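Written out below as structure tokens is the structure these notes cover.
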Amino acid sequence: MRSKVTVTLLFLNVVLFFYIFQYEKVKLPDANGKRVLGAEVATIAAITRTSRSAAPLKLERRGDAWWLQEPYEWLANPNAVTRLINELQFLEHETSFAVADLTRSGQTLADYGLDQPAFVLTFTSAKKDYVLKIGDDTKIGNRLYVLSPDGQRIHVVGRSLAESVGLPLEDLRADSIFTVPMFEVRSLNIQTAAPNLKVRLRRDAASRWGFETPISARASKPAVVVTINALNALNAKKFIDPRDSDLDRAGLTTAALRVTLEGNARRETLLLGEVDAAGDYFAKIEDKAVIFTVTLPPALLATLRTAQEELRETRVLEFEPTTVSALTLSTPGQPELSLQRAVGSTGAVAWQVVARVPGQAPLPASADTALVEELLQKIYLLAAKKFLSDAPAAADLEQYGFNRPEREITLSLSTGGG
């Protein structure tokens with residue numbers, strides 16, 4: 001009987017010990033006990049910074065990107081914004097004390113620089129604003145004072161917070177001008193003021209580029225890609241203070257050059273104006289107020305000004321030599337000559353020449369395959385040196401000899417084209 005009581009008491013003690021252990025385990029402080037901010041920092045949608053000396057600065061999230069809203073609208077530097085948000089999310093204090101206890105020691109918020117903070121950071125999360133005030137440095141150690149958003153506690157935190165919050169405007173903004181990446185660009189538009197010329201190129205479903213205006217013609221894909229990459233590599237050099245901005249003086253009221261990249265449901269237009277004393281161009285994005293300067297490489301500027309010629313596909317014919325199934329050559333006063341491609345049972349390619357003389361049956365003979373393939377390669381590489389006219393009149397065609405051409409070359413393709 002006594003042994004049963006002992007076992008029962010032992011069991012109850014084990015249960016009680018387990019309960020106490022679990023209860024105390026829950027109550028043990030964890031790393032989050034040192035965190036200054038709560039879960040609200042996980043969904044920050046906007047940040048406003050004010051300081052004792054600098055103008056207010058505002059950042060806003062748009063989709064996956066952050067944008068400056070004040071002092072002007074511009075794409076933000078993602079690395080700088082990520083650094084700031086990470087600093088807020090993982091901000092921990094070395095120690096903290098209640099504001100209510102200050103009066104007992106005869107102190108006020110002014111003793112910690114929190115009556116007129118060095119920085120006031122207001123961030124919006126879930127449509128609610130939270131205010132974090134950053135005060136003076138501590139007298140000992142590399143620390144500073146922070147007032148919690150509810151105004152109830154003063155925290156002593158590392159100085160890295162002030163370094164992240166106090167980043168200058170030039171570090172918080174992105175340098176890049178265009179934000180539409182090459183793979184997303186569907187259209188490139190260029191407009192020059194003198195002469196007044198509009199050039200529009202579009203990429204089709206097969207990733208081929210072509211002119212839509214002022215002519216309908218093939219464009220050189222490598223040249224277009226190089227040009228768009230060069231545009232995306234442009235960086236804003238210097239931003240003009242909004243108080244000193246003058247569209248007329250910068251030559252942007254009637255821009256000398258307008259360049260537009262169109263992507264997926266968005267478009268960005270760069271306006272280029274006058275040249276400043278340093279040889280850079282005054283510029284702005286069409287739907288944004290801020291004026292900046294940009295260094296434009298001479299080769300890119302020349303391409304933009306003569307895009308109709310520089311971005312033109314110079315190759316005369318667009319085909320693959322391996323898809324040619326027949327080749328016909330016509331010369332005035334000479335019998336028509338046809339070459340036909342055949343594939344033997346072993347897979348070897350052989351060409352046959354067929355001479356057609358009026359009133360006689362075709363005369364087939366074996367052709368020199370190497371010479372035929374060399375000819376096809378030359379036709380494939382045939383390129384224009386200069387475009388004389390995009391809309392020739394009948395007199396032009398006669399002048400250039402197209403009323404009675406010296407040669408006519410017809411290609412038949414196994415893909416169905418010709």
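The values are calculated or read from the model by the stated rules, or taken from the named source; none is laboratory data. Bear in mind that the values here come from a model prediction, so they are computed numbers and not experimental data. Virtual Cβ from ideal backbone geometry, glycine too; neighbours counted across all protein chains shown. All accessible areas refer to the heavy atoms of the entire protein, side chains included, with ligands and DNA or RNA removed. Shrake-Rupley method; radii C 1.70, N 1.55, O 1.52, S 1.80 Å.
Okay, here's what the table says:
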{"quantity": "Residues of the range 352-365 classified as surrounded by 10 or more Cβ atoms within 10 Å (Cβ to Cβ) and not in a loop (DSSP other than H, G, I, E, B), total", "calculated": "7"}
{"quantity": "Test for R153: is it over 12 Å from V36 (Cα atoms) and either aromatic (F, W, Y) or crowded, with 17+ Cβ neighbours inside 10 Å (or both)", "calculated": "no"}
{"quantity": "Residue in the range 338-351 that is hydrophobic (A, V, I, L, M, F, W, C), surrounded by 15 or more Cβ atoms within 10 Å (Cβ to Cβ) and under 17 Å from L413 (Cα atoms) present", "calculated": "yes"}
{"quantity": "Residue within the range 371-394 that is open to solvent by 80 Å² or more (accessible area, probe 1.4 Å), polar (S, T, N, Q) and either in contact with a strand residue (DSSP E or B) (Cβ under 8 Å, 6 or more places away or on another chain) or part of a loop (DSSP other than H, G, I, E, B) (or both) present", "calculated": "no"}
{"quantity": "Qualifying positions in the range 39-77 - open to solvent by 40 Å² or more (accessible area, probe 1.4 Å), of a type in the set (A, V, I, L, M) and at pLDDT below 95", "calculated": "A39, A42, A54, A55"}
{"quantity": "Condition met for T108 (at pLDDT 90 or above, surrounded by 10 or more Cβ atoms within 10 Å (Cβ to Cβ), of a type in the set (S, T, N, Q) and over 33 Å from the mean Cα position of the chain (by Cα))", "calculated": "yes"}
{"quantity": "Qualifying residue in the range 350-373 (condition: among the β-branched types (V, I, T), in contact (Cβ under 8 Å) with a residue 60 or more places away in the chain and in contact with a helix residue (DSSP H, G or I) (Cβ under 9 Å, 6 or more places away or on another chain))", "calculated": "no"}
{"quantity": "Hits in the range 97-141 (condition: farther than 23 Å from A46 by Cα, in a strand (DSSP E or B) and among the acidic types (D, E))", "calculated": "D136, D137"}
{"quantity": "Which listed residue is under 27 Å from R202 (Cα atoms) and of a type outside the set (G, A, S), from L247, L261", "calculated": "L261"}
{"quantity": "Residue ranges of strands (runs of 3 or more DSSP E) in the range 270-330 with at least 3 members under 27 Å from K378 (Cα atoms) and open to solvent by less than 40 Å² (accessible area, probe 1.4 Å)", "calculated": "324-330"}
{"quantity": "Verdict on V131 being in contact with a strand residue (DSSP E or B) (Cβ under 6 Å, 6 or more places away or on another chain), under 30 Å from T260 (Cβ atoms) and of a type in the set (A, V, I, L, M)", "calculated": "no"}
